[in-house]
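Taking it in order: structure first as structure tokens, then the write-up.
Any read-out appearing in this document is the output of simple, stated calculations on the displayed coordinates, not a laboratory observation. Remember, predicted model here, so these are calculated numbers, not experimental data. Glycine gets a Cβ as well: all are built from the backbone with ideal geometry, and neighbour counts include every protein chain shown.
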Amino acid sequence: MPKPMDKRQIDRFFRILARELRAPAQIILTGAAAGSLWGHVRPSLAVDFSITLARPGRLQWAALEEAVERTVALTGIRANYAEDIDRWGPISLLDWRRHGAPYRTFGTLRVRLLHPAYWTIGKLSRYLDSDVQDLVAVLRRQRLDPHRLIRLWARALRASPRSVACTHFRRQAEHFLHAYGRRIWGRRFDPDQAVRHFSNSLAKAS
């Protein structure tokens, strides 16, 4: 089993990537690595991120791919990256680019963290056991307002192309609120009321 991802490993990855790439770029970190920086550490040896090159183009992207390959070889950490992480899942991440918190600058790389609320959309869409563990731990630490979070999920669902994935997302959101809501937001949290709020938010978006 891999050792838990920690801040030192994440920082080392981006420090080496900045050295290997030697070009300005903006990164928004998501996935388990972002969860780790929010205070939840679980076994993972991968970083997931969006990257925007200051001078985009075919040659620049090829140079990035080579830089990432060298960084992976040097660190032993896998990398999943894309210009648009909204393409990774069937449920829209909405205006995710506008919701990143500054983290650190490594040479010419400026790294930000995807806002936890937007990060939950991808986790809820996939909904593996590891995703549920991440969701519970991060939401308990970040203390996000459940009503705002539910409205965001409804917006994401309404903005997504119609597919069976939308049905799954809705059922998974409702299950999550029932099964884990009180563990996250306390005994006063009413899961039935939260599910009704989710349904009403979907209807208002119609």
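With kT/(6 pi eta Rh) evaluated at 10 °C and eta = 1.306 mPa s, and Rh the Kirkwood radius from Cα pairs, segment 105-144 diffuses with a coefficient of 140 µm²/s according to Stokes-Einstein.
Can you give the FRET efficiency to the nearest 0.05 for Thr52 and Arg78, using r as the Cβ-Cβ distance and R₀ = 22 Å? Working shown, then result.
Values: r = 21 Å, r/R0 = 0.94.
The value I calculate is 0.60.
For the chain, the Kirkwood hydrodynamic radius comes to 17.9 Å, computed from all pairs of different C-alpha atoms. For segment 137-172, backbone nitrogen atoms closer than 16 Å to the point 7 Å from Arg196 Cα along Cα-to-C-beta are found at 147. Share of Cα-Cα pairs in segment 28-105 beyond 20 Å, in percent? Pairs farther apart than 20 Å: 39 percent. Here the peptides 87-97, 146-156, 109-119 are ranked by packing, the mean other Cβ count within 10 Å, and the order with the highest first is 109-119, 146-156, 87-97.
Report the Rg/Rh value for segment 53-154, based on alpha-carbon coordinates and the Kirkwood definition of Rh. Intermediate values should be presented prior to the final figure.
Working: Rg = 15.9 Å, Rh = 15.8 Å.
My calculation of the ratio gives 1.00.
The calculated FRET efficiency for the pair Arg8 and Lys204, based on their C-beta separation and a Förster distance of 41 Å, comes to about 0.35. As a proxy for reagent exposure, ranking Trp185, Trp38 by other Cβ atoms within 10 Å from fewest up yields Trp38, Trp185.
Binning the alpha carbon pair distances of segment 91-206 at 5 angstrom intervals from zero yields the distribution 2, 11, 21, 24, 19, 11, 6, 3, 2, 0, expressed in whole percent. Over segment 129-197, the Kirkwood radius and the radius of gyration, each from Cα atoms, give a ratio Rg/Rh of 0.96. Using the rule -39500 (n - 2.57) for each DSSP H run of four or more residues, divided by the residues of the chain, the 222 nm mean residue ellipticity is -18000 deg cm²/dmol. The slack between Glu69 and Arg19, meaning 0.36 nm per residue of separation minus the straight C-alpha distance, is 16.7 nm. Taking 0.36 nm per residue of separation and subtracting the Cα-Cα distance, full extension of the segment from Arg188 to Asp95 would add 30.3 nm. The gain in end-to-end length when the His147 to Gln60 segment is fully stretched comes to 27.1 nm, 0.36 nm per residue minus the alpha carbon separation. Exposure proxy ranking for Thr75, Thr30, based on other Cβ atoms within 10 angstrom of each Cβ and starting from the fewest, stands as Thr75, Thr30.
Taking the charge dipole of the chain about its Cα centre, with +1 at Lys and Arg Cβ atoms and -1 at Asp and Glu Cβ atoms, the residue from Ser160, Leu53, Gln133 reaching farthest to the positive side is Gln133. Rounded to whole numbers, the Karplus 3J(HN,Hα) couplings from phi for segment 188-200 are 6, 5, 9, x, 5, 5, 5, 5, 5, 4, 4, 4, 5 Hz, using 6.51 cos²θ - 1.76 cosθ + 1.60 with θ = phi - 60°, and x at Gly and Pro.
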